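The values are calculated or read from the model by the stated rules, or taken from the named source; none is laboratory data. Here the structure is a predicted model, which means the values were calculated and not measured. Every residue, glycine as well, gets a Cβ built from its backbone with ideal geometry; the counts of neighbours run over all protein chains shown. For accessibility, only protein heavy atoms count, side chains too; no ligands or nucleic acids. Shrake-Rupley method; radii C 1.70, N 1.55, O 1.52, S 1.80 Å.
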Amino acid sequence: MNLIIIGPPGSGKGTQGGLVAKRYHIPQISTGDILREAVRNGSALGLKAKASMVRGGLVPDEVVIGIIEDRLIQRDCGKGFLLDGFPRTVAQAEALERMLGKRGLVLDHVINIEIEMEELIRRLRGRRTCSRCGAMYHLLSNPPKKEGICDQCGGSLYERDDDKEETIRSRLDVYSQQTEPVIQYYATQGLVRSINGIGHIDDIFHRILEAIEEGEDYAKRGSHRS
Ligand code: ADP
Ligand code: ZN
């Protein structure tokens with residue numbers, strides 16, 4: 001199964017992407033995670049990415065396209081993949097189409113998580129991430145048992161630099177200007193499964209699974225007809 005998960009910052013796409021990837025035994029490829037790790041390591045890639053990331057802007061297309069090109073040829077992508085945070089611009093979507101096309105692959109579904117602006121801002125403000133295992137918490141809706149400490153691994157929790165107030169605004173603007181057109185791009189191909197992103201993590205996960213299954217039925221009916 002070849003999947004994309006799209007949603008604004010704070011929509012829970014990272015969390016849901018993890019659950020979906022696990023369910024279908026495919027790797028979750030998060031450009032945000034790859035870039036943050038590169039920044040932490042101070043690699044050449046990290047240096048290129050950092051300036052845009054702290055401002056809440058996008059890293060240049062050619063940089064992330066390169067990351068995805070290298071990643072999709074790894075062995076673990078043989079049975080499919082879930083892209084989380086890519087493509088974020090129409091140029092990236094077109095590059096992905098060329099990459100997949102060369103290898104005779106197609107996308108199965110684009111999961112689009114929908115949520116209002118006010119809710120996003122509320123969520124992003126309280127978000128905390130484990131510095132060791134990447135687990136995510138929220139001070140209001142999903143606090144750790146012990147303040148500042150990860151329940152899963154005991155690592156320390158931090159607030160992402162780009163979760164600070166002004167940066168949140170620019171990330172949301174970038175999303176509506178650059179990434180919403182990507183949803184349009186896939187809608188014309190009939191690939192978009194839109195999901196209401198409000199509710200419990202489990203409920204949203206089940207909505208996604210249902211939407212994927214409905215999409216699968218739809219695709220099958222389509223192929224019988226031809
Ligand atoms: P979120 O969607 O919650 O803002 P991500 O972890 O997906 O967070 O991405 C964090 C940051 O990494 C983005 O704001 C952007 O600067 C950079 N980034 C991630 N994926 C891409 C991409 N496909 N193209 C350009 N920049 C990206
Ligand atoms: Zn942890």
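Condition check ((1) more than 16 Å from ligand 2 (Cβ to nearest atom); (2) in contact (Cβ under 8 Å) with a residue 60 or more places away in the chain; (3) closer than 21 Å to E97 by Cα) across all residues:
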residue	(1), (2), (3)
I6	yes, yes, yes
K13	yes, yes, no
Q28	yes, no, yes
G42	yes, no, no
L45	yes, no, no
A49	yes, no, no
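Given (1) at pLDDT below 95; (2) touching a Pro at 6+ places or on another chain (Cβ under 9 Å); (3) farther than 25 Å from Y175 by Cα; (4) not polar (S, T, N, Q), where does G80 come up short, assuming only one miss? Going through the list (1) at pLDDT below 95; (2) touching a Pro at 6+ places or on another chain (Cβ under 9 Å); (3) farther than 25 Å from Y175 by Cα; (4) not polar (S, T, N, Q), G80 breaks only (1). Just one of the listed residues (V64, V59) is part of a loop (DSSP other than H, G, I, E, B) and within 23 Å of S176 (Cβ to Cβ), and it is V59.
Taking each residue of region 103-131 that is hydroxyl-bearing (S, T, Y) and looking for partners that are in a strand (DSSP E or B) with beta-carbon atoms closer than 8 Å, six or more apart or interchain, yields T129/M136; T129/Y137; T129/L157; T129/Y158; S131/S156; S131/L157; S131/Y158.
Could we say that V174 is among the hydrophobic types (A, V, I, L, M, F, W, C), on the phi < 0 side of the Ramachandran plot and within 12 Å of ligand 1 (Cβ to nearest atom) here? It is true that V174 is among the hydrophobic types (A, V, I, L, M, F, W, C), on the phi < 0 side of the Ramachandran plot and within 12 Å of ligand 1 (Cβ to nearest atom).
From the list T129, T188, pick out the single residue that is modelled with pLDDT of 90 or more and more than 19 Å from the chain's Cα centre (by Cα). Even if it seems obvious, please write down each step before you answer.
Values: T129 fails: more than 19 Å from the chain's Cα centre (by Cα).
Step by step, each of T129, T188 is checked, and only T188 is modelled with pLDDT of 90 or more and more than 19 Å from the chain's Cα centre (by Cα).
Do you know which of the residues in region 121-162 that are of a type in the set (S, T, N, Q) and open to solvent by 70 Å² or more (accessible area, probe 1.4 Å) is farthest from ligand 2 (Cβ to nearest atom)? Selected residue: S141. When the residues of region 163-210 are narrowed to those that are of a type in the set (V, I, T) and exposed (fewer than 15 other Cβ atoms within 10 Å of the Cβ), which ends up farthest from T129 (Cα to Cα)? Out of the qualifying residues, it is T188.
State whether one or more residues within region 184-194 are within 16 Å of ligand 1 (Cβ to nearest atom) and either within 23 Å of L82 (Cα to Cα) or touching a helix residue (DSSP H, G or I) at 6+ places or on another chain (Cβ under 8 Å) (or both). I'd like the intermediate steps shown before the answer.
Applying the first criterion (within 16 Å of ligand 1 (Cβ to nearest atom)) to region 184-194 yields 185-186.
Next, only the ones that are either within 23 Å of L82 (Cα to Cα) or touching a helix residue (DSSP H, G or I) at 6+ places or on another chain (Cβ under 8 Å) (or both) stay: 185-186.
Scanning region 184-194 turns up at least one residue that is within 16 Å of ligand 1 (Cβ to nearest atom) and either within 23 Å of L82 (Cα to Cα) or touching a helix residue (DSSP H, G or I) at 6+ places or on another chain (Cβ under 8 Å) (or both).
Per the listing I4, I29, I65, the residue uniquely surrounded by 19 or more Cβ atoms within 10 Å (Cβ to Cβ), of a type outside the set (S, T, Y) and out of contact with any Phe, Trp or Tyr (no Cβ under 8 Å at 6 or more places or on another chain) is I65.
When you look at R55, is it under 21 Å from I168 (Cα atoms), of a type outside the set (D, E) and within 13 Å of ligand 1 (Cβ to nearest atom), yes or no?
Working: under 21 Å from I168 (Cα atoms): yes; of a type outside the set (D, E): yes; within 13 Å of ligand 1 (Cβ to nearest atom): yes.
The answer is yes for R55.
Could you tell me whether any residue of region 136-158 is hydrophobic (A, V, I, L, M, F, W, C) and within 14 Å of ligand 1 (Cβ to nearest atom)?
Going residue by residue through region 136-158, those that are hydrophobic (A, V, I, L, M, F, W, C) are 136, 139-140, 149-150, 153, 157.
Pick out the ones that are also within 14 Å of ligand 1 (Cβ to nearest atom) and you get 136.
Looking through region 136-158, at least one residue is hydrophobic (A, V, I, L, M, F, W, C) and within 14 Å of ligand 1 (Cβ to nearest atom).
Is it the case that some residue within region 69-80 is open to solvent by less than 10 Å² (accessible area, probe 1.4 Å) and in contact with a Phe, Trp or Tyr (Cβ under 9 Å, 6 or more places away or on another chain)? Yes, the conditions are met somewhere in region 69-80. For region 81-118, filtering for residues that are in a loop (DSSP other than H, G, I, E, B), out of contact with any helix residue (DSSP H, G or I) (no Cβ under 6 Å at 6 or more places or on another chain) and either crowded, with 20+ Cβ neighbours inside 10 Å or of a type in the set (A, V, I, L, M, F, W, C) (or both) leaves 4.
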